[in-house]
Amino acid sequence: MLEIRNLHARIAEDGTEIIRGLNLTVKNGEVAAIMGPNGSGKSTLSYVIAGREDYEVTEGDILLDGESILGLDPAERAAKGVFLAFQYPMEIPGVATMQFLKAAMGAQRKARGEAELSPGEFLKKVREAAASLQVDMAMLKRPVNVGFSGGEKKRAEILQMKLLEPTLAVLDETDSGLDIDALKIVADGVNALRAPDRAVVVITHYQRLLDHIVPDTVHVLSKGRIIKSGDKSLALELEEQGYADLIGKAA
């Protein structure tokens with residue numbers, strides 16, 4: 001379970017506060033959607049959860065299954081089961097995607113006290129996961145995200161998520177730049193990962209992603225704090241009416 005208590009966070013370089021007293025609870029088995037206009041702090045929230053060093057927490061706490069993760073670096077948070085799918089996945093020239101997956105899975109299994117996979121077991125897992133997401137195995141021989149289309153990058157990230165089996169998955173506008181076919185493939189991959197022991201946070205501007213990944217809860221973020229929460233019908237309301245009226249009432 002993810003629990004965020006009175007979180008305040010700022011940009012480390014210039015001290016600009018972005019998150020201003022945010023409270024959020026996402027239970028295991030739940031898919032929570034975070035929605036809000038540009039500049040509301042959605043991506044910053046995802047970075048702070050993952051432990052990105054560009055941001056500094058000045059107050060509050062982030063707990064994963066009752067344990068604070070604020071003192072952990074990004075690698076340690078990943079080992080605890082935190083996974084962040086970026087809006088714009090990074091390219092890693094010179095590192096083959098298969099090599100990257102093997103290193104990531106090996107580190108994750110070691111952190112969990114699980115035995116290392118044999119080469120055959122690793123290849124079988126990757127092939128099965130890739131087939132389910134319509135990822136060509138030839139693509140995995142290329143450097144991570146180098147020369148990938150937008151849809152390929154997003155499918156590659158969902159493939160990583162499927163293989164790493166995180167406790168908490170945070171998807172930062174993973175629908176950005178996807179056509180409807182790629183969106184459905186990515187959404188099907190996310191839906192397949194729903195599990196009683198996994199919490200999922202989906203950050204998005206638009207209802208179209210939530211047509212495919214139906215959330216249990218929807219939270220509206222504005223000026224660094226949650227101003228309204230509800231069920232999936234809240235997303236439909238926002239699609240019809242926009243954010244302006246809701247933000248005005250919360251001001």
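We did not get these values from a lab; they are worked out from the coordinates using the rules stated. Everything quoted here is computed from the prediction, not taken from an experiment. Glycine also receives a Cβ, built like all others from the backbone with ideal geometry; neighbour counts cover every protein chain displayed.
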(request) Loop only per DSSP, at most 13 neighbouring Cβ atoms within 10 Å: give me the trypsin sites (Lys or Arg not before Pro) in the range 68-154, ordered by residue number. (result) ARG112
(request) Would you compute, for the Cα atoms of the chain, the largest minus smallest coordinate along each principal axis and list the three values in descending order, in whole Å? (result) 57, 39, 35
(request) Name the residue, out of ILE69, ILE92, ILE227, whose mean-square fluctuation peaks in a Gaussian network model built on the chain with Cα pairs under 10 Å. (result) ILE92
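Two-decimal Rg/Rh of the range 114-217 from alpha-carbon positions, Kirkwood Rh? Write down the numbers at each step before the final one.
Details: Rg = 14.1 Å, Rh = 14.5 Å.
Ratio of gyration radius to Kirkwood radius: 0.97.
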(request) Please state the charge dipole magnitude for the range 1-93, taken about the Cα centre, from unit charges on C-beta atoms (+1 on K and R, -1 on D and E), reported in debye and rounded to the nearest 20. (result) 340
(message) Test of the criteria: in the range 41-99, which GluC sites (Glu not before Pro) are in a DSSP loop and have at most 16 other Cβ atoms within 10 angstrom of their Cβ?
(response) GLU53, GLU91
(message) Suppose every Lys and Arg Cβ carries +1 and every Asp and Glu Cβ carries -1, with no other charges. What dipole size does the chain come out with about its Cα centre, to the nearest 20 debye?
(response) 480
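What is the ratio of the Cα radius of gyration of the range 1-106 to 2.2 N^0.38 Å, where N is its residue count, to two decimals? Could the numbers behind the result be given before it?
Working: Rg = 14.9 Å, N = 106, 2.2 N^0.38 = 12.9 Å.
In units of the globular-protein estimate, the range 1-106 measures up at 1.15.
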(request) Mind computing the radius of gyration and Dmax over the alpha-carbon atoms of the range 149-196? Å is fine for both. (result) 10.3, 33
(message) Per DSSP helix of 4 or more residues, -39500 (n - 2.57); summed, then divided by the residues of the chain. What does that give at 222 nm, rounded to the nearest 500?
(response) -11000 deg cm²/dmol
(message) I want the local charge near ASP175. Using Cβ-Cβ distances under 14 Å, sum +1 for each Lys or Arg and -1 for each Asp or Glu among the other residues.
(response) -2
(request) Based solely on C-alpha atoms, express the radius of gyration and the Dmax of the range 78-123 in angstrom. (result) 12.2, 33
(request) Mind telling me which of ALA50, ALA103, ALA199 comes out most flexible in a GNM of the chain, alpha-carbon contacts under 10 Å? (result) ALA103
(request) Whole Å is fine, so just give me how far the alpha carbon centre of the range 1-69 lies from that of the range 132-186. (result) 24
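With an 8 Å cut-off on Cα pairs and a minimum separation of 6 or more residues, tell me the relative contact order of the range 115-248 in percent. Write out the running numbers ahead of the final one.
On the way: 117 pairs, mean separation 24.5, N = 134.
It rounds to 18 percent for the range 115-248.
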